Amino acid sequence: MAAGLEALRQALAGATAEQTERATGVPAEAIRTAARRLCQAERKAVLFGRALVEHPQAPRLLQSVENLAWVCGAITDERSSVMYLGPQSDSQGALDMGLTPDCLPGYARIAEPKARAPFEQAWGATLDLGAGLAAPEILSAAAEGRIKALWIVGDHWLKSAPDRALAERALAKAELVIVNELFLTETARCAHVVFPASAFAEKEGVVVNCERRPQKTVRALAWRKGCKPDWEIFQSVAQALGARWSYRGAEDVFREIGRLVPGYRGLSWASLLPLGPQWASVGAPAVPGSLGASLAAAAGAGPDGAHDGDGLWLLSGGTLFLQGSLSHRGDLLPKLAGPARAALHPDEARRAGVGEGDAIELSGPGGTVRLPVTIDPGVPAGSVFVPYAHAEVELNRLGAPSGDGLRVRLSRVTAPETVNA
């Protein structure tokens with residue numbers, strides 16, 4: 001570990017705060033102040049969200065987060081205070097339970113025989129040694145006919161997939177589409193089978209927060225007739241297919257997790273109250289051989305995606321009152337959030353010849369969206385900010401980002417409608 005940190009220091013030896021200011025626009029003194037506070041703090045944490053993990057340069061960005069954490073002490077040989085703030089409740093728990101395509105629950109590598117053995121013994125099956133597919137790869141494979149069936153749980157692919165056109169082709173091509181949903185969303189309308197699922201307040205289970213702390217959730221309401229928790233839907237289908245699953249409830253499922261999953265072994269239903277324990281990896285930390293080498297390689301490589309310099313960088317994020325699909329199921333939060341608008345820097349608005357409230361059209365490789373403009377000096381010049389959470393704005397119609405991101409072209413329109421659905 002010491003060799004890795006030393007290599008990292010050497011790779012950073014020529015870097016200055018002034019260089020970073022020129023590259024990012026963040027004042028050099030602000031960078032120095034933040035660095036001093038972070039390194040001198042007795043207790044510290046590094047938090048990051050979906051903007052990093054969904055960026056085309058995610059591997060480099062995540063490596064940089066890890067490098068920063070080692071240098072400032074947010075990661076040590078004994079603990080980690082790096083926290084991922086996922087876009088949905090229990091994003092951390094989903095990762096812990098094997099959402100990544102090359103890992104079993106608990107981040108056990110599926111290619112390692114010792115990691116597979118406890119699961120194979122408990123499940124009475126031989127596991128495939130190959131890694132699975134990531135979500136974009138699943139979409140591509142389904143659109144090409146290589147995947148025949150899709151089972152979508154807790155997601156609205158036509159809204160969440162980076163490339164809507166690809167998601168539409170995948171849903172149309174698949175021979176069987178199953179959706180577990182609370183509402184008959186546009187994605188659910190494309191399904192051959194829709195299983196009515198219970199809402200969070202209608203079921204019990206376990207969620208894991210960004211501290212890696214499993215916490216018990218307690219059912220507050222009886223679920224509607226015909227609805228079931230997702231685990232019960234899975235079990236009913238598995239039993240119909242001949243599997244001998246016999247879980248009696250969420251506690252039974254967690255009992256198996258506590259028996260098999262690294263980091264969770266030894267935990268019980270009772271241990272989850274009142275706040276739940278924080279799981280931690282056992283043994284040596286998984287650290288690249290040379291942190292500095294990875295940083296130097298990233299610094300010297302330059303952008304992966306070539307572009308002609310035309311258009312604006314598309315920036316997006318949530319808003320104060322709208323963050324997810326459930327936000328739109330009532331009237332109050334959309335009213336507080338106000339109408340969707342594209343935010344431009346004043347200089348950029350002048351170049352485009354548009355003013356406050358004018359309608360614009362943004363065009364990407366996949367399609368277009370229309371919405372009114374608002375002028376905001378906080379938006380960097382050369383970019384346009386459009387919040388993703390408004391139901392009427394479907395940014396994935398523009399196409400998927402690649403390379404360093406997505407560039408869009410802006411044009412003023414005089415059509416009476418200002419927002420396209």
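Quick notes
- Restricting region 141-167 to residues that are charged (D, E, K, R) and in contact (Cβ under 8 Å) with a residue 12 or more places away in the chain leaves a set whose member that is surrounded by the most Cβ atoms within 10 Å (Cβ to Cβ) is ASP163.
- Helices (runs of 4 or more DSSP H) lying entirely in region 1-46 (those with 1 or more residues that are closer than 16 Å to ILE75 by Cα and in contact with a helix residue (DSSP H, G or I) (Cβ under 9 Å, 6 or more places away or on another chain)): 2-12, 28-40
- Every condition in (1) touching a residue at least 40 places away in the same chain (Cβ under 8 Å); (2) not in a strand (DSSP E or B) holds for ARG351 except the one numbered (1).
- Checked against the criterion of being modelled with pLDDT of 90 or more and under 27 Å from the mean Cα position of the chain (by Cα), the candidates PRO365, PRO377, PRO401, PRO372 yield just one match: PRO365.
- Selection count, region 227-250, where residues are free of Cβ contacts under 8 Å to residues at least 24 places away in the same chain and among the charged types (D, E, K, R): 3
- Unmet criterion (only one of (1) exposed (fewer than 13 other Cβ atoms within 10 Å of the Cβ); (2) outside any loop (DSSP other than H, G, I, E, B); (3) at pLDDT below 85) for ALA298: (1)
- Residue within region 16-29 that is in contact (Cβ under 8 Å) with a residue 24 or more places away in the chain and surrounded by 14 or more Cβ atoms within 10 Å (Cβ to Cβ) present: no
- Scanning region 369-392 for residues that are touching a helix residue (DSSP H, G or I) at 6+ places or on another chain (Cβ under 7 Å) and assigned to a strand (DSSP E or B) returns VAL369, VAL373, ILE375.
- Close pairs from region 70-81: first in the same structural domain as ARG37 (by TED's automatic domain parsing) and closer than 16 Å to GLU6 by Cα, partner of a type in the set (Ser, Thr, Tyr) and crowded, with 16+ Cβ neighbours inside 10 Å, Cβ under 8 Å, at least 6 apart: ILE75/SER81
- GLU137 among the charged types (D, E, K, R), within 30 Å of ARG407 (Cα to Cα) and surrounded by fewer than 17 Cβ atoms within 10 Å (Cβ to Cβ): yes
- When ASP310, ASP304 are screened for being among the acidic types (Asp, Glu) and modelled with pLDDT of 70 or more, only ASP310 passes.
- Within region 186-208, residues that are within 30 Å of ALA165 (Cα to Cα) sit with their Cβ atoms under 9 Å from residues that are acidic (Asp, Glu) and not in a strand (DSSP E or B), at 6+ positions apart or across chains, in these pairs: THR187/ASP155; CYS190/GLU168; HIS192/GLU175; PHE195/ASP230; ALA197/ASP230; SER198/ASP230; SER198/GLU232.
- Tallying residues that are crowded, with 18+ Cβ neighbours inside 10 Å and assigned to a strand (DSSP E or B) within region 216-248 yields 2.
- Selection within region 99-118 - small (Gly, Ala, Ser), out of contact with any helix residue (DSSP H, G or I) (no Cβ under 9 Å at 6 or more places or on another chain) and outside any loop (DSSP other than H, G, I, E, B): ALA117
- Residues of region 92-109 classified as small (Gly, Ala, Ser) and without any contact (Cβ under 8 Å) to a residue 12 or more places away in the chain, total: 2
- When GLY226 is tested against (1) modelled with pLDDT under 95; (2) more than 22 Å from ILE152 (Cα to Cα), exactly one condition is not met: (2).
- Taking the criterion of being of a type in the set (A, V, I, L, M) and either assigned to a loop (DSSP other than H, G, I, E, B) or buried (at least 16 other Cβ atoms within 10 Å of the Cβ) (or both), the residues of region 260-279 that qualify are LEU260, VAL261, LEU267, LEU272, LEU273, LEU275.
- When VAL373, VAL379, VAL384, VAL393 are checked against the criterion of being touching a residue at least 12 places away in the same chain (Cβ under 8 Å), crowded, with 19+ Cβ neighbours inside 10 Å and within 28 Å of ARG169 (Cα to Cα), VAL393 stands alone in meeting it.
- Test: residue in region 319-330 that is at negative phi, in the same structural domain as HIS390 (by TED's automatic domain parsing), among the polar types (S, T, N, Q) and surrounded by fewer than 17 Cβ atoms within 10 Å (Cβ to Cβ): yes
The values are calculated or read from the model by the stated rules, or taken from the named source; none is laboratory data. Just so we're clear, the structure is a prediction, and the values are computed from it rather than from any experiment. When we count neighbours, we look across all protein chains shown, and the Cβ atoms used for this are built from the backbone with ideal geometry, even at glycine.
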